[in-house]
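Colleague: I'd like to ask some things about the structure below.
The values are calculated or read from the model by the stated rules, or taken from the named source; none is laboratory data. Here the structure is a predicted model, which means the values were calculated and not measured. Reconstructed Cβ throughout: ideal geometry from the backbone, glycine too, with neighbour counts over all protein chains shown.
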Amino acid sequence: MKKPILCLLLLVTTCFALKAQDKQAIIAVLNTQQAAWNKGDIEGFMQGYWKSDSLMFIGKRGPTYGWQQTMDNYKKGYPDRAAMGKLTFRIDKVEILGSRDAFVMGAWSLAREKDTPGGYFTLWFRKINGEWKVICDHTS
């Protein structure tokens, strides 16, 4: 009787540890994106996204598909460091949905010389080739 209980306890502990590791890995992706943005590095910021034509970004103008189109839109909307400002993320929820999918909800804000825009985001992360990447971003 002791052996099955011990095995079950070990399994549960391992599952919690893996979820905690995945949450930390996802938060690290967001921290890396924030740091890249604040250096004026849109290409570095985009490394957190799935480099695929199937990437989906949903903003106020509707959905955009593809990694390259998303990067082009960022570069057009934020042509220089002044427009980019200083980005801050607030992460409200990281929910691991399985071994390869996660949901993230939070808020973003930019500190710029003349204004401080901000809003909310929901992200669908997927573990691809061992790395967590944003595959769908809904930002408003």
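Residue by residue, here is whether (1) over 21 Å from Glu43 (Cβ atoms); (2) in contact with a helix residue (DSSP H, G or I) (Cβ under 6 Å, 6 or more places away or on another chain) holds:
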{"residue": "Gly66", "(1), (2)": "no, no"}
{"residue": "Pro79", "(1), (2)": "no, no"}
{"residue": "Phe89", "(1), (2)": "no, yes"}
{"residue": "Met105", "(1), (2)": "yes, no"}
{"residue": "Ala111", "(1), (2)": "yes, no"}
{"residue": "Gly119", "(1), (2)": "yes, no"}
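Colleague: Somewhere in region 63-73, is a residue at pLDDT below 95 and under 19 Å from Met105 (Cβ atoms)?
Modeller: No: region 63-73 contains no residue that is at pLDDT below 95 and under 19 Å from Met105 (Cβ atoms).
Colleague: Can I ask one more? Looking at Ala20, Ala35 in this structure, which one is surrounded by 10 or more Cβ atoms within 10 Å (Cβ to Cβ), of a type in the set (Gly, Ala, Ser), assigned to a helix (DSSP H, G or I) and at pLDDT below 95?
Modeller: Unique residue meeting the criteria: Ala20.
Colleague: Taking region 112-140 as the region of interest, how many residues are of a type outside the set (Asp, Glu), out of contact with any Ser or Thr (no Cβ under 7 Å at 6 or more places or on another chain) and free of Cβ contacts under 8 Å to residues at least 40 places away in the same chain?
Modeller: Residues that pass the stated criteria total 8.
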